[in-house]
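The values are calculated or read from the model by the stated rules, or taken from the named source; none is laboratory data. Just so you know, these numbers come straight off a predicted model, no measurement behind them. Cβ placement follows ideal geometry from the backbone for every residue including glycine, while neighbour counts extend to all protein chains displayed. With ligands, DNA and RNA removed, areas are computed over all heavy atoms of the protein, side chains included. Shrake-Rupley method; radii C 1.70, N 1.55, O 1.52, S 1.80 Å.
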Amino acid sequence: MRLILLGGPGSGKGTQGAVLAQKFSIPTISTGDLFRKNIADNTPLGQKVKQYTDQGALVPDAVVLDMVFDRLVQPDCAAGYLLDGFPRTIPQAEALTKWLSEKNAAIDHVVLIDVDDEVIVDRLSSRRTCESCGAIVSVKFSPPKKEGVCDLCGGKLVQRADDNPGTVRDRLQVYHKNTEPLIAYYRQQGLLRAVDGSASPELVTKAILAAVGAKS
Ligand code: AMP
């Protein structure tokens with residue numbers, strides 16, 4: 001099973017990705033998470049991409065593609081994977097299609113999680129991520145039992161550097177300009193499955209499973 005999760009910032013790709021990856025026993029490859037890890041570890045890649053991620057701008061395609069293709073040849077990707085935050089531009093999508101076809105492989109489904117911009121701005125201002133286990137919570141919609149502490153592992157809940165209102169608006173603009181054209185690209189290939197992402201996380205999961213022909 002090779003899946004792509006498509007949707008704006010804060011549409012729920014990370015939350016749904018975690019549930020779906022577990023359900024299908026495949027890894028989630030999140031380019032944003034890979035960049036944040038490299039930045040935290042201060043690797044050469046992290047140093048190169050920080051200026052882009054800080055501003056909510058796209059990292060150049062060549063850098064993203066190198067990192068993703070290195071990751072997709074790892075043994076844990078052999079039975080499939082879920083891509084979260086990649087591809088984000090038409091050149092990235094075309095490079096992925098070509099790379100896969102050279103391996104006689106293809107994407108099975110592209111799930112579009114559709115959410116209005118106003119909902120996204122509201123969600124992202126209240127989003128926190130656990131530094132230790134990566135869990136995503138909302139201090140507004142699903143507050144942790146103890147402020148600043150992850151319910152799952154006791155780790156520290158932090159706000160992403162790019163979740164401030166100004167950068168969120170920039171990221172939304174980038175999404176509409178560069179990533180939305182992928183909807184038509186994948187629709188044309190018969191791969192697009194759109195779900196309403198404004199419902200509760202549980203209902204969105206149900207809708208995605210139905211859309212890809214899997215049982216809840
Ligand atoms: P995300 O966690 O998916 O919202 O990604 C965080 C940031 O990482 C984005 O705002 C971009 O700066 C960068 N990024 C992640 N994935 C990509 C990609 N596929 N292409 C270009 N930049 C990306």
Residue 81 long-range amide H proximity, modeled H, under 5 Å = 2, 3
For the chain, the per residue accessible area (1.4 Å probe, Å²) is 52
Once you wrap a convex hull around the alpha carbon atoms of the chain, what is its projected area averaged over all directions, in nm²?
-> 11.5
For the chain, with +1 on Lys and Arg beta carbons and -1 on Asp and Glu, the positive-most of 11, 60, 74 along the dipole | 74
Tell me, what ³J(HN,Hα) does each residue in region 162-177 have, in order and in whole Hz, if you take phi through Karplus 6.51 cos²θ - 1.76 cosθ + 1.60 with θ = phi - 60° and put x for Gly and Pro?
-> 9, 9, 7, x, x, 5, 4, 5, 4, 5, 5, 4, 4, 4, 4, 6
Please sort 135-143, 76-84, 7-15 by packing, taking for each peptide the average over its residues of neighbouring beta carbons within 10 angstrom, highest first.
-> 7-15, 76-84, 135-143
Accessible-area composition of the chain, carbon plus sulfur, in percent [1.4 Å probe] | 52
Estimated vicinal HN-Hα couplings, Hz - region 189-201 in sequence order (Karplus 6.51, -1.76, 1.60; Gly, Pro = x) | 8, x, 9, 7, 10, 9, 10, 7, x, 8, 6, 5, x
Farthest toward the dipole's positive end in the chain, which of 44, 30, 101, given Cβ charges of +1 (Lys, Arg) and -1 (Asp, Glu) about the Cα centre?
-> 30
Alpha carbon convex hull of region 1-58, volume per residue in cubic angstrom = 98
What list of ³J(HN,Hα) couplings, whole Hz, do you get for region 31-45 from phi and the Karplus terms 6.51, -1.76, 1.60, once you set θ to phi - 60° and write x for glycine and proline?
-> 5, x, 4, 4, 5, 4, 5, 5, 5, 4, 7, 6, 6, x, 5
The chain, relative contact order in percent, only Cα pairs under 8 angstrom and at least six apart counted | 29
Note down the magnitude of the dipole of the chain about its Cα centre, charges +1 on Lys and Arg C-beta and -1 on Asp and Glu C-beta and zero elsewhere, to the nearest 20 debye.
-> 320
The chain: antiparallel DSSP beta bridges as a percent of all, rounded to 5 = 25
So what are region 105-195's ellipsoid semi-axes, whole angstrom, largest first, if each one is the square root of 5 times an eigenvalue of the alpha-carbon gyration tensor?
-> 30, 17, 11
Excluding the sites themselves, what is the longest stretch of the chain that contains no GluC sites (Glu not before Pro) in a DSSP loop with at most 12 other C-beta atoms within 10 Å?
-> 1-101
